């Protein structure tokens with residue numbers, strides 16, 4: 001099964017891992033619409049955060065590489081997004097360039113934890129914000145309050 005990836009042409013994003021307990025419902029959003037919601041989330045951030053997000057890409061994939069697609073009615077924990085990169089709190093002017101940081105959103109997992117399009121949109125927003133928290137150096141415990 002070939003994975004589809006789409007890069008959002010933005011210089012923003014971050015993430016670690018966001019998990020949710022789910023029942024797969026089979027809801028499916030067009031990839032273009034999914035990407036647009038992620039872009040709208042970035043555009044809606046306060047300017048003080050937007051200007052601090054640099055050299056970050058958001059990718060959308062169906063599933064993490066090591067996860068099999070869920071089956072109908074199957075209860076399991078799913079990874080919704082992940083941040084790959086160095087948090088801004090760990091970067092230094094002496095650090096060697098390592099390419100852009102990136103956030104990966106797992107579309108089918110996000111859809112699986114939602115029962116309608118409004119929930120998918122909200123979960124995309126929450127996952128992008130969560131992963132940006134990791135970009136800014138927050139850990140899982142600190143992000144529980146966000």
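The values are calculated or read from the model by the stated rules, or taken from the named source; none is laboratory data. Keep in mind that what you see is a predicted model, and the values were worked out from it rather than measured. A quick note on method: Cβ atoms are made from the backbone with ideal geometry, for glycine too, and the neighbour counts reach across all protein chains shown.
Among the residues of region 68-125, just one is on the phi > 0 side of the Ramachandran plot and without any contact (Cβ under 8 Å) to a residue 12 or more places away in the chain, namely 99. In a residue-by-residue description of region 9-24, the property of being modelled with pLDDT of 50 or more, surrounded by 13 or more Cβ atoms within 10 Å (Cβ to Cβ) and under 15 Å from the mean Cα position of the chain (by Cα) applies to no position. Taking residue 130, is it out of contact with any helix residue (DSSP H, G or I) (no Cβ under 8 Å at 6 or more places or on another chain) and either under 22 Å from residue 31 (Cα atoms) or buried (at least 21 other Cβ atoms within 10 Å of the Cβ) (or both)? Considered against the rule, which asks whether it is out of contact with any helix residue (DSSP H, G or I) (no Cβ under 8 Å at 6 or more places or on another chain) and either under 22 Å from residue 31 (Cα atoms) or buried (at least 21 other Cβ atoms within 10 Å of the Cβ) (or both), residue 130 comes out as no.
Would you point out the residue of region 82-103, among those that are assigned to a loop (DSSP other than H, G, I, E, B) and touching a strand residue (DSSP E or B) at 6+ places or on another chain (Cβ under 9 Å), that is farthest from residue 65 (Cα to Cα)? Across region 82-103, the extreme among qualifying residues is 87. I'd like the residue in region 96-118 that is under 15 Å from residue 35 (Cα atoms) and in contact with a helix residue (DSSP H, G or I) (Cβ under 9 Å, 6 or more places away or on another chain) and, out of all such residues, is surrounded by the fewest Cβ atoms within 10 Å (Cβ to Cβ). Per the criteria, the residue is 117.
Could you say which residue among 119, 131 is touching a strand residue (DSSP E or B) at 6+ places or on another chain (Cβ under 8 Å) and not in a loop (DSSP other than H, G, I, E, B)? When all the criteria are applied, what remains is 131. Look at (1) at pLDDT below 85; (2) on the phi < 0 side of the Ramachandran plot; (3) surrounded by fewer than 13 Cβ atoms within 10 Å (Cβ to Cβ); (4) in a loop (DSSP other than H, G, I, E, B) and you find that residue 65 fails only one, number (1). Here residue 82 does not qualify as surrounded by 11 or more Cβ atoms within 10 Å (Cβ to Cβ) and either under 16 Å from residue 29 (Cα atoms) or in contact with a helix residue (DSSP H, G or I) (Cβ under 6 Å, 6 or more places away or on another chain) (or both).
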